[in-house]
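Structure, as structure tokens:
The values are calculated or read from the model by the stated rules, or taken from the named source; none is laboratory data. The model shown is predicted, which means the values in this text are computed figures rather than measured ones. In this analysis, Cβ positions are derived from the backbone assuming ideal geometry, glycine residues included, and neighbour counts consider all displayed protein chains. Remember, those area values only see protein heavy atoms, side chains included, never the ligands or the DNA or RNA. Shrake-Rupley method; radii C 1.70, N 1.55, O 1.52, S 1.80 Å.
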Amino acid sequence: QKSFNEFDESFVLEDMRRKEKKKAEKRADKGKEVGITNPKIDEFIRREDGGAVIVGERQWIETRTRTNSQGRTVTYYIYHHHDIILVSIGPDGNIEWNARVPKEQSTTNSNFGSSYLSAVVGSSIFFIFNDHPENMLYNGDGKLKNMSYKENYVALVEVDSDGRVFRRTLMNEGKGKN
């Protein structure tokens, strides 16, 4: 038995910047395909009931080249590790839910401190990643702040067995310390 469900448009558009969202909505209105960009599957977590959760992350590397004032060509790389995407598949092979953990991590010439760590505890999946303190209150509207090394903020996110996302502060040792 095969099961294929496209992400619904509201899930795809969720957490997009206004400009990206408008562009995607225009594509959808024209009947063109709109999807999640740059997905990479990281994990396939088997559940005790025979189902599974697929975990992926939007990630890509951008190459930029410029010429400096001395006429030398300089190439640098921007590593992007953005939203974590989860898809829960039931024991019958049907998709039960999908969830998104919004995050924005872009670094130049180094991948250090990017991406996430995950752990399954009971029926929940926990994610730990470097973040920006202002993202703690992010409600899905507007732009996320890029992670901050200066403010040394680490997020702990739980995705429960129903796909609900709960965000907490694990460590906040920077300027915004409470």
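Descriptive notes on the structure:
- Among strands (runs of 3 or more DSSP E) entirely within the range 82-178, having at least 1 residues that are open to solvent by less than 30 Å² (accessible area, probe 1.4 Å) and of a type in the set (A, V, I, L, M) singles out 95-101, 124-131, 153-159.
- Any hit, the range 29-40, residues being open to solvent by 50 Å² or more (accessible area, probe 1.4 Å), β-branched (Val, Ile, Thr), touching a strand residue (DSSP E or B) at 6+ places or on another chain (Cβ under 7 Å) and not in a strand (DSSP E or B): yes
- The sole residue among GLN59, GLN70 that is more than 22 Å from ASN38 (Cβ to Cβ) and either among the polar types (S, T, N, Q) or in a strand (DSSP E or B) (or both) is GLN70.
- Pairs, first more than 18 Å from HIS81 (Cβ to Cβ) in the range 110-127, second open to solvent by 50 Å² or more (accessible area, probe 1.4 Å) and among the small types (Gly, Ala, Ser), C-beta under 6 Å, six or more apart: SER123/SER161
- SER69 vs. criteria open to solvent by 40 Å² or more (accessible area, probe 1.4 Å), hydroxyl-bearing (Ser, Thr, Tyr) and modelled with pLDDT under 70: no
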